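These notes concern the structure reproduced below.
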Amino acid sequence: MTDEEFEEELKRVVAHEAGHAACYAFHGLPVRKVEIRTWGFFRRSVAGRCWIDATGSWPPYNWRAEAQICCAGYAAETLIFGTVDKFCCQADFKRANRILADNGSAISLEFLCDETIRLLRPHMRVIMDVADALLVHRRL
């Protein structure tokens, strides 16, 4: 992996996790921290994670919001880059599909992703600010 490829991957992971964090906040769920980490040969593998603050006050459970949160990383990548790394979104898509199926929803994953993009589009500045801070600090 070249330096340019690594930087592109890092920016995608950062945008992805910033999207999750923004969607958590949009749905009233407190975010405890967002983290980006690197590992492997020459620290060239990148992953991110977003944690909910379990001690905070929570709104009533909403399965649709949970499914949207799963699609938020995809939505943020789409809004920022215009394309998505489907490999990075596989686990999120799997979880969203399971939530939809468990609740007997007729909503398709594609519709849910489009809805999430529309939800996050007005909040692009916030997502970009979180992403910029993550690039610098790797943890918020």
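The values are calculated or read from the model by the stated rules, or taken from the named source; none is laboratory data. These numbers come from a predicted model, not from an experiment. Just the protein is used for accessible areas: all its heavy atoms, side chains included, with ligands, DNA and RNA removed. Shrake-Rupley method; radii C 1.70, N 1.55, O 1.52, S 1.80 Å.
May I ask you to give the solvent-accessible area per residue for the chain, in square angstrom, as obtained with a 1.4 angstrom probe?
Normalised by residue count, the accessible surface of the chain is 57 Å².
Between TYR24, TYR61, TYR74, which gets the highest mean-square fluctuation from a Gaussian network model of the chain, Cα cutoff 10 Å?
TYR61
Leaving ligands, DNA and RNA out of it, work out the accessible area of GLU4 with a 1.4 Å probe and give it in Å² to the nearest 10.
Rounded to the nearest 10, that gives 140 Å².
Return the carbon/sulfur percentage of the accessible area of segment 1-122, one whole number, probe 1.4 Å, all protein chains in place.
Whole-percent figure for carbon plus sulfur exposure: 53.
Report Rg (one decimal) and Dmax (nearest whole number) for the chain, counting Cα atoms only, units Å.
14.8, 46
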